[in-house]
Amino acid sequence: MTDTLDIGVLGYRFMGKAHANALARLPMFFPDAPAVNRRVLIGRDEAALADATEQLGFDGYSTDWETAIDEVDAFYNLGPNAIHREPSIAALDADTAVLCEKPLARTLDDAAAMRDAAARSDAVAGCAFNYRFVPAIQYAKALIDDGELGEIRQVRGRYLQDWLLDPDAPWSWRLSEEVAGSGALGDLGAHTIDLIRFLVGERAGPITRLSGQLQTFVDERPDPDGQPGETREVTVDDAFTAQLAFENGAVGTLEASRFAAGHKNDHAVEIHGSEGSLAFSLERLNELEVLGPDDRGYQTVLVTDESDPYVDHWWPPGHVLGWEHTFVHENYEFLSAVAGDGSFRPSFEDAYRVQRVLDAVERSHDAGEWVSLD
Ligand code: SOE
C-alpha cells in the first residue's frame, strides 16, 4: 500500500460534494489520517464532469468506471442505488476498497451479492451511514452500552423531510422504483434502521418481526427533462411507517416522510430503558436529551467537550459542529481502515442487515400482515 491513497469517486452532485469536502478537510483537522489524492471523478456527462473535477479538486475525470477502479486505492460509489452493485463488486473483486452510499443496494438480492463480494475480498468495504459519526450519537451509544439506560424497552425512530410537499416539485431518480428501489423507506428509513442497530443492537438484539405500510401521496410529477406539462410516474413511497419487535422483547416504531411539513431534515431517535431515556434530533445534532433514574425530566447535554468523540479535532467546547462534519469523521475512519488494513463499520454486512429490514417492510406492506426476519 503506497503512503498516499488515490481516491476515485463515482458521482459528483450532492454526495460527491459532501465527500470531496470531507477529503479536503482531513489534512488540516485529522493530520494522522492517511494522505489522500482526489485522483479521478467518474460520471457520464463529460461537460458536467469537467466542471465538477475543477470545483471538487480532482486531478482528472473519467466516464469509464471499469478502468478507473483499477487505478485507485479506494472507490467511492455515490451513484444512484441501481448502480451500487456492479461497480462495487468489480472493485472488491479487484481488491480495491469501496465506500458505497446508502442504502447499499436497490434490492435485497443486490445487497446480498455485494455482501458476498465484500466477504471474499481482502479490501475494506463500508456503507456511508454517516449519522453513526455524530458525536452525540456516539456519546448515546456509550451511555447505552455502559448500561445507563438499563434494559432497552422501547425505540422510536423517524426521519422527516418536506421537500416533496409541493405537488409541482419535479420528478427525480429518487422517485423511481427502477433506479432507487424505494422512496422514503430506503432513502431515509435506511439511516434510522442503521442508527437503531448501532445504538441498541447489542442490548436489544436484532429486529425479529415487523409490520409496515408504504404510501404514495402524489403519483406523478413534472418531468424536468420533458416538455412543459409532461409528467413522470412516481413509483416509490412518499412515506412509510412500521412497528418493530426486538429479540429482547423491546418494541419500536419507525417512520419516514418526504411530506412532513415543518421538518427539513429531522432524523430523530428516542430510546426508553428500564433506568432512563435518551432522545436525539439531527436538527439539533450537537445536543443529546438524557434522563437518568433520578432525573425528573430530560437534561440537555451539549456534546462538544474535548473528551467527546471527534470534538478535539475541531474547536473548543460550545463551538458547535454541523452536518458536513459527520462525513469528515466517516472518511477519517474509512481511510484509516484502508491504510491500516483494519476493519470499518458500518460494513457491507451491516448494510445488508439494514436492507433485510427494508425488504421486510415491503413484504409486510404487500401481505398486509406482520412478517418475520428470522
Ligand atoms: C434525501 O433528501 C437525503 O439527501 C438522503 O439521501 C441523505 O442520505 C440524507 O443524509 C439527507 O437527505
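The values are calculated or read from the model by the stated rules, or taken from the named source; none is laboratory data. Computed from a prediction, not measured in an experiment: that's the story for all the values here. Here the Cβ is made from the backbone with ideal geometry for all residues, glycine too, and neighbour counts use every protein chain on show. Surface areas here come from the heavy atoms of the whole protein model, side chains and all, with no ligands, DNA or RNA. Shrake-Rupley method; radii C 1.70, N 1.55, O 1.52, S 1.80 Å.
Figures for the structure shown
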read-out	value
Total residues in region 220-269, condition of a type in the set (Val, Ile, Thr), more than 16 Å from the ligand (Cβ to nearest atom) and touching a strand residue (DSSP E or B) at 6+ places or on another chain (Cβ under 7 Å)	4
Per-region count, region 220-263, residues within 28 Å of Glu283 (Cβ to Cβ), among the charged types (D, E, K, R) and open to solvent by 60 Å² or more (accessible area, probe 1.4 Å)	1
Single match in Arg44, Arg39, Arg25, Arg13 (criterion: out of contact with any His (no Cβ under 7 Å at 6 or more places or on another chain) and either among the hydroxyl-bearing types (Ser, Thr, Tyr) or within 16 Å of the ligand (Cβ to nearest atom) (or both))	Arg13
Of the criteria (1) open to solvent by less than 30 Å² (accessible area, probe 1.4 Å); (2) within 14 Å of the ligand (Cβ to nearest atom), which one Val200 fails	(2)
Count of region 163-181 residues which are of a type in the set (Phe, Trp, Tyr) and open to solvent by 40 Å² or more (accessible area, probe 1.4 Å)	2
Unmet criterion (only one of (1) touching a residue at least 60 places away in the same chain (Cβ under 8 Å); (2) more than 16 Å from the ligand (Cβ to nearest atom); (3) in contact with a Phe, Trp or Tyr (Cβ under 9 Å, 6 or more places away or on another chain)) for Leu5	(3)
Close pairs (7 angstrom Cβ cut-off, 6 or more residues apart or separate chains): free of Cβ contacts under 8 Å to residues at least 60 places away in the same chain in region 347-363, open to solvent by 10 Å² or more (accessible area, probe 1.4 Å) anywhere	Arg363/Val371
Residues (open to solvent by less than 40 Å² (accessible area, probe 1.4 Å) and under 23 Å from Val124 (Cβ atoms)) located in region 38-56	Val40, Leu41, Ile42, Leu56
Tally, over region 128-178, of residues that are over 23 Å from the mean Cα position of the chain (by Cα) and more than 16 Å from the ligand (Cβ to nearest atom)	10
Spans of strands (runs of 3 or more DSSP E) in region 34-101 with at least 3 residues under 17 Å from Phe348 (Cα atoms)	74-77, 97-100
The lone exception for Asp294 - which of (1) open to solvent by 60 Å² or more (accessible area, probe 1.4 Å); (2) in contact with an Asp or Glu (Cβ under 9 Å, 6 or more places away or on another chain) it fails	(2)
Every residue from region 42-63 that is closer than 28 Å to Tyr310 by Cα and free of Cβ contacts under 8 Å to residues at least 40 places away in the same chain	Gln55, Gly57
